[in-house]
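What follows is one structure encoded as structure tokens, with my remarks underneath.
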Amino acid sequence: MLWATAAVVTLGFLIALEIAARHYGLPGPIATQVQEVVFAPKSGFLLYASMGLMMVVLTWRQRFIAAGAAIGIDITFSLVRWAADVKVTEGHPFGNGALWVMLGCAVIAVTRRTGQERVLLLKGVGLGLLLVAGRKTGDTWLLITSKTRPAVLDQYVATADHALGNPSWLVGRIVTATGPVGARFLDYVYTQLAVAAVVVALYQLRNVAVERRFPGHHLVRTFLVIGLLGPGIYMIYPVVGPVFAYGADGGHWAVANLWPDTPPPIGTPHHMPFDEITPRNCMPSLHTAWATAIFIHSRKGPRILQFAGAFWLIATLGATLGFGYHYGADLVAGVVFTLTIEAALRSLERGWDRSGIQLVAYGATVFAALLVSYRYLSMEMAEHPWVFGPLLILAMTSVVYGYVRTTKLWEPKAGPARQPEPQPEPV
């Protein structure tokens, strides 16, 4: 019933987004996903990662068959495009095969499976397709924010960011100094975040095929909830980022061409109009939120996975700031946002108690306080950076400490090893 309800809600949400996108003359998430059944997908890597996520419910023999079928279908598509002289100018020339395999597994589940085996296979297919749908939903949300929020709050966030030392300007100069090699490397890390999440999720779900059930909580749940709730904050707090509001990418809409060489001067901030193309996707930084979730869930993996999780978090923070996509204030809010969601999902899985309610309520309060302070105390923050800068870091650190302390108490205690009872000596 829970999975059926979730499926109905998800379908209704996607239909609503499709209608909203059509209202603005744009293709919605359903239309863009259907197009990728035939046309070149936007991200072939994401489709194959999603298929890998689906395959956690399959046996090894079935996995090899599914992977071979996906590769074979992609080769066929490439030959047909070559024969028809069709050039792939956008997206990737592969990935259709992975989508076809996932859809085929859904058909097999309905027509050839029964009972728990059908449910398990449908769960696997749903998990893989949800990851793809989450990406499409996010793209549609970004288009909607640019159409429905003509004014942005960048001046407020940029002013508040003086309390943190304008980190986007600092890291932007560092990335520029590294040249094209450093920028290309960070761009790869930034764009393949979902693939990194799938690697961690595959480790967490490695025993599903044997145990024939999913664990109560895993990274994909957190990833999807972050993607569902985050765009709602974009609508409330629209921000385009320093490379657009203060850089050359903003064109004549920018305040001035200052990023990353010259930090913005302190002045009374105002709402500023912006174009109907640039997404208002900065507050909070969802890339930071997702990278934080990857870091949290990689902590219980092997050493190499822990190093990978830490590396992806650090590199993502460097990319979000170094490319001018986010202010430092966005990153602080993104960390608090993730820890609050993670605490809520873990409380939901284990059962709500006083510690879980307190942690979620505290995280939500700190997150709301950050947004309010960026909007209404930005001048005070810029004029007293030695007061407000440490306060912002302290607020974020307090949520981190509360999360670590509380979740440690939730971990099952290892009981003392049972000593064997002494046996009587043989006579």
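Read-outs throughout are calculated quantities, based only on the coordinates presented, and are distinct from any laboratory measurement. Keep in mind that this is a model prediction, so the values were computed, not measured. Here the Cβ positions follow ideal geometry from the backbone for every residue, glycine too, while neighbour counts run over all protein chains shown.
So how do 161-174, 57-70 stack up, highest first, on mean other-Cβ count within 10 Å?
161-174, 57-70
Once you have the Cα-Cα distance between ARG303 and ALA16, take 0.36 nm times their residue separation minus that, and quote the gain in nm to one decimal.
Details: separation 287, 0.36 × 287 = 103.32 nm, distance 4.29 nm.
99.0 nm is the gain from fully extending ARG303 to ALA16.
Under 12 Å from the Cβ of TRP290, count the other residues' Cβ atoms, weight Lys and Arg +1, Asp and Glu -1, and hand me the total.
0
Lys and Arg at +1, Asp and Glu at -1: add these up for the other residues within a Cβ distance under 12 Å of VAL336 and post the number.
-2
Name the long-range amide H neighbours of MET283: under 5 Å, sequence gap of 5 or more, or other chain; modelled H, no Pro or chain starts.
Amide H neighbours of MET283, under 5 Å, 5+ apart: VAL239.
Give the label of the value calculated from the structure for Cα extents along the principal axes in Å, choosing from (1) 85, 78, 42; (2) 60, 56, 42; (3) 84, 47, 42.
(1)
So if each residue of separation counts as 0.36 nm, and I subtract the Cα-Cα distance between ARG354 and ARG113, what length gain in nm does that give? List each step's numbers first, then the result.
Values: separation 241, 0.36 × 241 = 86.76 nm, distance 4.25 nm.
Taking ARG354 through ARG113 to full extension adds about 82.5 nm, to one decimal.
Could you go through the stretch 209-226 in sequence order and give the Karplus-derived ³J(HN,Hα) for each residue, using 6.51 cos²θ - 1.76 cosθ + 1.60 with θ = phi - 60°, rounded to whole Hz, and x for Gly and Pro?
Each residue's phi maps through the Karplus curve to give 5, 7, 7, 6, 7, 8, x, x, 9, 8, 4, 4, 4, 4, 4, 5, 5, 4 Hz.
Cα centroids of the stretch 268-337 and the stretch 123-188: how far apart, whole angstrom?
For the stretch 268-337 versus the stretch 123-188, the Cα centre distance is 7 Å.
Can you list the lysines whose alpha carbon sits under 25 Å from that of LYS147, skipping same-chain ones fewer than 8 residues off?
Candidates past the 8-residue exclusion: LYS42, LYS136.
Tell me the net charge near GLY322. Cut-off is 13 Å between Cβ atoms, GLY322 excluded, with +1 for each Lys or Arg and -1 for each Asp or Glu.
Values: positive: ARG173, ARG184; negative: ASP187.
Charge balance in the 13 Å sphere: +1.
If r is the Cβ-Cβ distance from VAL34 to GLU90 and R0 is 22 Å, what FRET efficiency results, to the nearest 0.05?
Details: r = 17 Å, r/R0 = 0.76.
Given R0 = 22 Å and the Cβ-Cβ separation, E is 0.85.
For the stretch 28-41, just list the computed ³J(HN,Hα) in residue order, Karplus coefficients 6.51, -1.76 and 1.60, θ = phi - 60°, integers in Hz, with x standing in for Gly and Pro.
x, x, 5, 5, 5, 6, 4, 4, 6, 5, 10, 7, 4, x
Quick one: if you stick a label point 7 Å off each Cα along the C-beta vector at ASP261 and TRP386, how many nm between them?
Simple spin-label model gives 3.1 nm for this pair.
Ignoring everything except DSSP H segments at least 4 long, calculate the 222 nm mean residue ellipticity for the chain; use -39,500 (n - 2.57) per segment, divide by total residues, nearest 500.
Mean residue ellipticity at 222 nm (helix-derived): -23000 deg cm²/dmol.
Given a Förster distance of 45 Å, report the FRET efficiency between ILE75 and ARG405 from their Cβ-Cβ distance, rounded to the nearest 0.05.
Once rounded, the FRET efficiency stands at 0.30.
On a straight-distance basis, which lysines could pair with LYS123 in a cross-link, Cα separation under 17 angstrom, same-chain partners fewer than 8 positions away excluded?
none
Test of understanding: in a Gaussian network model of the chain with alpha carbons linked when under 10 Å, which of GLN358, GLN33, GLN306 would top the mean-square fluctuation ranking?
GLN358
Using the Karplus curve 6.51 cos²θ - 1.76 cosθ + 1.60 with θ = phi - 60°, work out ³J(HN,Hα) for each residue of the stretch 187-202 in order, rounded to whole Hz, and write x for Gly and Pro.
Values per residue, Gly and Pro as x: 5, 5, 4, 5, 7, 9, 4, 5, 5, 4, 5, 5, 4, 5, 5, 4 Hz.
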